[in-house]
Every structure is written in structure tokens, then in C-alpha cells.
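The values are calculated or read from the model by the stated rules, or taken from the named source; none is laboratory data. For clarity, every value in this text was computed on a predicted model and none was experimentally measured. We place every Cβ from the backbone using ideal geometry, glycine too, and count neighbours over all the protein chains shown. Areas reflect the complete protein model, heavy atoms only, side chains present, ligands, DNA and RNA absent. Shrake-Rupley method; radii C 1.70, N 1.55, O 1.52, S 1.80 Å.
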Amino acid sequence: MFGLQSECMLHVPEQYHTLSDYEGAQPRWCPSCGDHAVLTAVQKVCREKQLPPEKTVFVSGIGCSSRFPHYMRTYGFHGLHGRPFPVAEGIKFRRPDLDVFVATGDGDCCSIGAGHWIHAIRYNMNMTVMLLDNEIYGLTKMQTSPTSRKGTISNTHPHGSILPPINPLVTTLGVANVSFVAQTVDWNPAHVFSTLMAAHAHPGFSFVRILQRCPHFSPNLYSDEISNPDLTVLLTHENGIEAIPEVQKMYKNSVEHDPADINQARELAQREDLVPIGLFYCNPEQEQYDKYGASNIGFSPQQKSDALNVELDKYAV
Amino acid sequence: MLKGNSDELAAPENVSSGEEKTGIKVMPVEECIVEIVSDAGEGAQKAGQSFGSVSAKMGNGVWTVEIIPAEVQPPARSRAGASGIRIRFGSDKVTNMGDEADLVVAFNEQVLYGRIDQKAYREGTIILIESKWKESKVPEIQEEYALAMQEFKQYGFDVREIRMEEECLKFVENPSKGKNMWVLGMLCSIYARDIEKAEAQIRHTFRRKSKKIIESNLLLLNAGYNWASKNLNLRFQILSEAESVSKVVMNGNEAVGMGVMAAGIEVCSMYPITPATSVTHYLSEVFEKSGGLVHQAEDEIAAIGFAIGASYAGKTAVTVTSGPGMALKTEFIGLATMAEVPLVIVNVQRGGPSTGLPTKVEQGDLLSAIFGQPGDTPTVVLAPATIEECYHFVILSRQLAEAFRMPVIMLTDANLATGVQPFTRPEINLDSFSPPIDQSPWKKEIRPYEWDEKTGLSQRPIPGQSDGMYVLTGLAHDEESHVAYDSHINQLGCNRRSRKMAAIFKTLSPPTVNGDEKGDLLVVGWGSTLGAIEEAVNKARQMGGSVSSLHLRFLSPIEPGLEKIFKRFKKVMTVEINYGDEENDPLITSENRRRSQLSWFLRAHTLTDVDFLAHIHGQPMRPGFILQRLKKELGL
Ligand SMILES: Cc1ncc(C[n+]2csc(CCOP(=O)(O)OP(=O)(O)O)c2C)c(N)n1
Ligand code: SF4
Ligand SMILES: [Mg+2]
């Protein structure tokens, strides 16, 4: 507790939240699932920012990754497959005081929920979105996902998947009113942490694609990138993700990229030779639909009654 | 005030001036059914709505209903293109659109055929028809018109040919823009309406238009009035008793919109769909003034998800839709049931299945509302029977949803949506607004689904309440909201959610029977058919028939005491706007006969042999249609 000094410090939190204050149920993911690392990073972000657990809401769809809210000790909404965005938007709409996070999977977001995803980008409501992209359907046991690479062997495509994948970064960067797009990888927890810190600080729809290992169904998926850091390229800029020496040391490839430059962001997002990580795009000036939602809250019953009376007058006989 | 109006009717400056010149008598009548029909876009509805409002303001009972062509822009002068409005008005309360019209104003003869096909007119119906077609430059049109005049006379209609456009041309350059107001003026003269009230109505209707437009409409109104006073020997008077209560007049969708405000709801989330959209058009205009916002979502799934999110966060929410949208919302309705999120869902029913009859009336979503979700999903379903109830039932739905922590489906239909009727001005009760969200600390020891064994009720923590943190889930869960697959927990959860229905049931009282408590025949209805059913039943009773009716407002849980009431009648039958196999259809036996929805439901519920009168003509139920069947059943 910081309570001792409270008389001389105005903004001391009433209670200092430790990591364990954000820990919910015991995670049930496979032991080496990439989701664990993301969960830990998120809990650290919460502690770092001292987010009041009662004002924080984690929203998800259905999938392994969508179990996320259960493992936090905040408010949570584990809803329907593909539908986390409409729910998160509804929560945020008239409650600007709530801090909303969304955990979604590649099937959840890019397949069944793709329509909502496009519109959520455009609504640009202030929330932090983590796309846990393992390029496979985990929960339902290894079906092809829209982000599965062409030729992926799965239970629905035992001879290899037929179509090229959707690139969630390219798609997001193509939607009107996009405001924040970043990418990170679960095997670099420090980078996950600083990326989510930046995402959370951004006012608007902060979209973070996290490449996430599913050792259970695709044990070799990212093994090259993990064993060889040279296959990764780090996006750096003073307005980008905060530079952490240990991360910078790891990657010899880096590109100076101004996150205000959407054209270069789109080019980088399309790179297939290397995995770019960092901040692709950030524009805090985009239109935010949650500002509209917060525009006339807190009417008293009397005010509501007055407005209704005016209406009834208009229709009076 | 209204009494004053009726005095005014006799005053020389209004009615008698025409009377003196023509020497015609004013005919007192109890009620009238008037139609204005035209091609789409000729303003018939605007004229009719104004006429209805003026009549309501003069104290008449009124019911207006739009005549809507299926297509947005049907070809001109087509039989299927009839667009317009019917206004039924009378000395007493009017509860439905009635049977055949007494007087019709038609902008062309072809659209009348569409209405004749729908049996909208009878022998003796007065038809005031635009006669410009007689001199059309197109020979086929001339021929069509001449043939129609011949046929209409054969049908026994009282046809009066009028050069409406020519009359309008004396005042305006482009009569196609204002002919409807001239017609309104003509009708005001025929029915001795207060012209000042009509003028005020025009000013209100065109309040967003330029002064020039308003002036030109007023000019035409008066021109039509004066012309009819001089040239028509038609004058009717429908007097009303002075009323002591103040009234409002609106259609059912506006009533729903106003009910949303009266319920203190703060979020209305929707995706456009006929015939529900106009609820949200209305709200979009005024909701902000009462602290609410309309959200137009990307689809119906998102619309309900958004509303559920808002409600989870403590803001009361409604989603408004129609059949196809309902179908899309089912998974989320299941979630709201499972996770016990309060939510009001308004379904303004249209014809189905699939895209069906978008603008027409049907009651076909009854069973899907009650049973349409996968798994066991006890859902409250209620149905207003009048426009007035459209208003009050939103408040009731909101209260039930909050108190019982569950979705409430309110079923209205296209007939209520577009019907306009005056009703007692609702009193505003501050308690009917949703209470402000509770942000006080949560008592840690109370679990988020601490189901009361007797009622199934539990208290709900709202985000922002410290120590109330829980993770809502649509998976089977225990009282802590922890995902639980243990066999007994799913049984327990389903049982507790079901118990809430029993708790609501306990608060309901048996429906009142219209007519004797026992007899030969009991007619059961629900929703918008109330007026037509009671009118038909009351007529049959006057004819000596032993028949009563009852009308259900609560469909799920269903109102108590039905079995007992049913037992007191020799026969029970429903009247509903639904499909049902006819008894003597090919292949149909009593075993395979697919019965209309309410009769099916009531049979299962009461173990009574419930027959039905059902049609899906896309038309509201007419009292005459019901009466015909009652006469047959009762041997009258
Ligand atoms: C409407 C609906 N359709 C299908 C499912 C089955 N389902 C559950 S999760 C899932 C896919 C999950 O994949 P992803 O979103 O990538 O999450 P992951 O498990 O990989 O984290 C599917 C198809 C469902 N729950 N609901
Ligand atoms: S199946 Fe894959 S995604 Fe799911 S928990 Fe296991 S490793 Fe993680
Ligand atoms: Mg996945």
C-alpha cells in the first residue's frame, strides 16, 4: 500500500495492484501454448498502468485464445464465436470510463467475425485488440483457418489447404478510419509487453496481431523464426514501439518506419520474406465512434421525463 | 373543446355555405371508411394521415392503415401498384381497419383494380376518380379508362368523375406535387372537417419544408375544400362526444419509439429492416433529447451483440427488428438467456418465411420467438394488442428484463406499425425510467449467479463495481460464472433459468373474457387482431350467437387459467394471421394437418382441441371475414 504518503501525493492509487490482482482462473491452455506468454504480458501491462480491475473488461469470442478473460481477474465477457467486437463496442459505447480489451483468434476475427472486424476498425472505438493468430483452429481441433498458409495440412484439408491466406495486417490497414496496427510475436515477451503498452495508450481501436504458437496442432509453424532471429525485421521509430535494448540486440534486421506513413506500412505488411514486428501505423486523429457514444450520458429521470413530455405534446390531439 | 368543434360544424361559415348553394343535406353517420389510392409517390398517404389526424383532433375514433405496393417504384397505372391509405373513423373508438370502404379517392382507375381484387369495396362505394385519363393523348389509356368506368358501374360503385388536376392547375403550375392536398381539402368538405385544424396539420407535416411549399399546399387545401363545397352533393357528419381525457395520436412504431424513451432506455441498436425501421427513424430524430442514442450496426447480429454489451455494462438497451433479423439474432438471444443479460427485443413482424412479404402483416414469428433458440432457452414473449399498448409494453418489457435478468421479446406487426390511432395520453412515471447504474462496491460474498432456489433470481454485478468482477460466459457455468461441464450443474442452471418463468407466471392473472364466461364458442387471438376479433364477436353476439373472445398479451409464460376457461366453451378456435392447412385440402388428415401457430401452441398447452381461422393474405384481419366464419360456426 502507498497509503502512508497519501496526504502529500494527490494521485496516489488507493491501492497498489500487484500482478496477482490481475490473475484469474488457472489457465487451461496446453503447457507450451503461446497464449500463456501473452497473458503474462497483459497482466504486466495492467500492473504497470495500475488499471483498476473493476473498470477493466476483457471481451472475447470462442476459441482457445478466447478463454483469455477467464484468466484475468477483471470483468470479462466470453461471448459468441466471431462476435467479440459488437459486444465490446456495446460495452464501450455509453461507458467511456471502462477500459476494454478484446482477445480474439484468427478464426474468430478473420473468418466468422470478419464482417464485424472490418466495421470495428472503422468504428475506431477506444479498445485494445489482440488477435492471437496461430494460423489454425485450435479449440475445434485443427481445421484450416483463413490465415493458414496455402498447403497447410489440417483436418479439413488433409491434402493441403487450397487458398492463399488473408493477411490480417494488410486487411486492417486497408479499412477506412484505421488508427493503430502493430505486430508482435508470443516468443518475445518483452516486445509483446511494449507493443501492448503502446496499443493501450493509443486512443482508438488498437489492433495488435500476435503470432502465436500452437504446439499442439502446428509444432513447427514458427520454429524457423524462433531459432533464427534474422528472419524477423524490427520496425523502429521514435513514434513507434518503445525501443528496448534487449529486443534491439536480438534482431539485426531493422527498418526505420514512421508509423504515420500508411503507404510504407502497407508495403511492410505485405512482406513475405521476413516477419516485421513493431508499429505499422498510428493515427490518433481518426474519427472515434465512442466519442459519439459518450456524448449525452447521465440524464436524470427528470430530464428524460421532460424530453418525453415534449414528444407527447407533439402528438397530442 | 371537442364539443365546441361539433357546434362549429353546424356554424354557417364552414358547412352551410356549400349547403346553401347546392341545397344538399348533411348526413349524420356513425362511422366511415375512406381510402385514397394512387400510384406510389403521389402523396396519398400524406393526405390520408393528415385527414386521420384532423379527425382524431375533432374527437373521432380513428384507425388509419397504409396501402403499400410491394415494390418501391411500381410502374405507373398498374394494378399491383396501388399505394395509398385507408382511414376508418367514427363517433366511437375505432379498433381496426374494418371491411369495405364507403368512399374512395383514386388518382387513376388501374390502381382501383388492385384494391377490388382485395375486396376493399362494396356495392354503393362512392368512387371519386381523377378523370383526366379520359382525354389522354395515349389511345390505350383512354380505352382502359372508358372500360373501367363501364365495369365500375357494373360493380355497382357510385362513380363520380372529377377533373382534379385541372382544378389544381388553376392554382399551381405543377399539380402532380400538390394534388394530394387538394384531395385533402375535398375530403374535409365532404366530412365537415374543421379546415383550420387541417391547415395546422399541413403546417406541422411540412414543418421542414420551405414557406413557399407550405403556402402552396394551404392554397390547394382550401381550393379542394371550396370546390367540393360547391360541386359535390356529398356531406357527412360524424359527431363525437366531448372527451375529458387528453389524447395523443400516432402509429404503433412511433408508440414503440416513445415507449423506448419512457422506459428510460439508453441504447437502441438496429439494422434497417421493414417494417421495423420506422421505430428507429423516429428515435434517431428525438432519442438524444432523452439521453439515448441509436446505433446503426453493420448487421442484425452485431445489433443485438452491441445491445447485449451495453446492457452487460449497465446501460439498458433495446434492439428492433423484423423476422429475417430475428433469425440472425437467435444465437445472441441464447447467450442473453444463458448468461442472464437483460435485453428488450422488439420484433415488428412481417410476412415470412425468408424475405417474405416485407411490408405486409403476419403473426408468423410466434413459435420461433418462444422456441426458436437452440437448447432450452426460456424467453419472455409478450405482444401488445393496440397502439397504446405498444407504448406501455416497452416499459413493461424493460422492467421484466431487468427484474428477471433475461431477454424479453415484444412482438408487434406491420398492422400495428403503420396503423394510426388516438389513445389516452400516457402519464409519465419517473419510476418507469431505468434506474441509474449501481457503481457501489459489490458484496464479495454474493456470487454473480447466486440463484434463489424459489425464483431463480440472482443479482447482477455491473462493471465498475469493485469486488464484483466476474467473467460472463455462454458456456454452462456454476453460480460463480465458472465454466462447468459437470452434469448436475447444467441441470441446475437450466432449472434456475426456467424457474424465473414460473416466477413471472405467478405474477400474471387470467385473461378477461369478452362476452359470457361460457358458451358455444370461444375465439382466442393475440396481437393486432384484437379490434377486428372483438368487433366480429360483438356483432355475432348481437345476432344471438353464443360466442366470446379472449386475447393473450403474454405468450411466454402464457397467461394462467386457460384450460379452465376453455373447458367452459363447447368449441375453442384461434383467429390469427398465420398459415394453417385447411381441413379438406388434398392429402390433409387430422393427423398430418399443420395447424396455425397459436392453435398448435394452445393445444399443446391446454390439451384442448383448438381449431383455427387463419390466413396469410398479407392483410390485417377484417371483422367481416371473422364474422362470416363465426356465423358458420354458430349456425347464424
Ligand atoms: C457459431 C459457431 N460456429 C462454430 C463454433 C465452433 N468453433 C469454436 S472455436 C472455433 C474456431 C476457433 O479458432 P480460432 O478463432 O482461430 O481460435 P483458437 O482456438 O485457434 O485460439 C470454432 C469453429 C462455435 N463455437 N460457434
Ligand atoms: S490447442 Fe493450440 S492454441 Fe489451443 S491451447 Fe493448445 S496449443 Fe494453445
Ligand atoms: Mg486460431
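Some notes on this structure:
- Note on the range B:440-507: semi-axes of the ellipsoid equivalent to its C-alpha gyration tensor, largest first and rounded to whole Å, are 21, 17, 9.
- Per residue, the solvent-accessible area of chain B (1.4 Å probe, heavy atoms of protein chains only, all protein chains present) comes to 39 Å².
- Averaged over A:67-80, number of beta-carbon atoms from partner chains that fall within 10 Å: 6
- Annotation: the range B:48-126 has a Kirkwood hydrodynamic radius of 13.4 angstrom, from the mean reciprocal C-alpha pair distance.
- Each listed q (0.05, 0.10 Å⁻¹) maps to a log10 I(q)/I(0) for the protein assembly as shown from the Debye sum over equal C-alpha point scatterers, namely -0.37, -1.13.
- Cα-derived Rg to Rh of the range B:290-378, Kirkwood definition: 0.97
- The protein assembly as shown - mean residue ellipticity at 222 nm from DSSP helices (-39,500 (n - 2.57) per run, n ≥ 4, rounded to 500): -10500 deg cm²/dmol
- In the range A:190-297, the trypsin sites (Lys or Arg not before Pro) that fall in loop regions by DSSP, at most 13 other Cβ within 10 Å: A:Lys252, A:Arg271
- To put it simply, the accessible area of the range B:19-138 at a 1.4 Å probe is 50 percent carbon and sulfur.
- Quotient of the Cα radius of gyration of chain A and 2.2 N^0.38 Å, N being its number of residues: 1.08.
- Potential lengthening between B:Asp520 and B:Gln118 on full extension [0.36 nm per residue; Cα-Cα distance subtracted]: 141.6 nm
- Relative contact order, whole percent, for chain B stands at 12, derived from Cα pairs under 8 Å and 6 or more residues apart.
- Inter-label distance for B:Arg568 and A:Glu48, nm, one decimal - labels placed 7 Å from Cα along Cα-to-Cβ: 7.4 nm
- Using heavy atoms of the protein chains and a probe of 1.4 Å, the accessible area assigned to A:Met197 is about 50 Å².
- Loop-located chymotrypsin sites (Phe, Trp or Tyr not before Pro) across the range B:90-127 with a Cβ neighbour count of 14 or fewer within 10 Å are lacking, with loop assigned by DSSP.
- Relative contact order for the range B:249-431, counting Cα pairs under 8 Å that sit 6 or more residues apart, in percent: 28 percent
- Gyration tensor verdict on the range B:27-244 (Cα atoms; rounded if a/c is under 1.5, prolate if a/b is larger than b/c, oblate otherwise): oblate
- Look at the stretch A:292-305: the mean tally of other chain Cβ atoms within 10 Å of its residues' Cβ atoms is 6.
- The distance between label points at A:Leu163 and A:Asn177 comes to 2.6 nm (points 7 Å beyond Cα on the Cα→Cβ vector).
- In range of the label at B:Ser284: residues from the range A:291-307 whose backbone nitrogen is under 19 Å from the point 7 Å along Cα→Cβ: A:291-296
- Debye intensity ratio in log₁₀ form over the Cα atoms of the range B:488-589, taken at each q of 0.13, 0.15 Å⁻¹: -0.61, -0.75
- Modelled this way, with points 7 Å down the Cα-to-C-beta line, the labels at B:Asn231 and B:Ile214 are 2.9 nm from one another.
- Of the GluC sites (Glu not before Pro) in the range B:506-551, the ones in a loop by DSSP (not H, G, I, E or B) with at most 14 other beta carbons within 10 Å are B:Glu517.
- At 1.002 mPa s and 20 °C, Stokes diffusion of chain B via Kirkwood alpha-carbon radius, µm² per second: 81 µm²/s
- Angstrom value of the Kirkwood radius, inverse mean 1/r, which spans all Cα pairs in the range B:535-636: 14.6 Å
- Stokes-Einstein translational diffusion, the range B:249-431 - Kirkwood Rh over all Cα pairs, 0.692 mPa s, 37 °C, in µm²/s: 210 µm²/s
- Within the accessible area of the range B:249-431 (1.4 Å probe), percent carbon and sulfur: 54 percent
- Comparing the full protein assembly with the isolated chain (1.4 Å probe, heavy atoms, ligands and nucleic acids excluded), the residues of the range B:297-313 losing at least 40 square angstrom of accessible area are B:Glu298, B:Ile301, B:Phe306, B:Tyr312, B:Ala313.
- Total accessible surface hidden between B and A, rounded to 100 Å², 1.4 Å probe: 5100 Å²
- Here, the range B:346-395 yields an orientationally averaged convex hull projection of 4.1 nm² when only Cα atoms define the hull.
- Highest mean packing first, where packing is the average number of other Cβ atoms within 10 Å per residue, the peptides A:53-62, B:219-228 line up as A:53-62, B:219-228.
- For the range A:222-317: rounded, prolate or oblate by the Cα gyration tensor [a/c cutoff 1.5]: prolate
- Extension reserve of the B:Glu427-B:Lys25 stretch, reckoned as 0.36 nm per residue once the Cα distance is removed: 140.5 nm
- In this structure, the pairs whose alpha-carbon distance is over 31 Å, taken from A:Lys314/B:Lys539; B:Lys329/B:Lys570; B:Lys25/B:Lys212; B:Lys93/B:Lys315; B:Lys444/B:Lys500, are A:Lys314/B:Lys539; B:Lys329/B:Lys570; B:Lys25/B:Lys212; B:Lys93/B:Lys315.
- Rolling a 1.4 Å probe over the protein heavy atoms gives chain A an accessible area of 42 Å² per residue.
- Averaged over peptide A:255-267, the number of partner chain Cβ atoms lying within 10 Å of each residue's Cβ comes to 0.
- The range B:277-316: mean projected area of Cα convex hull, nm²: 2.9 nm²
- Interface burial in the range B:455-475 reaches 40 Å² or more for B:Pro463, B:Gly464, B:Met469, B:Val471, B:Leu472, comparing the full protein assembly with the chain by itself; accessible area from heavy atoms with a 1.4 Å probe.
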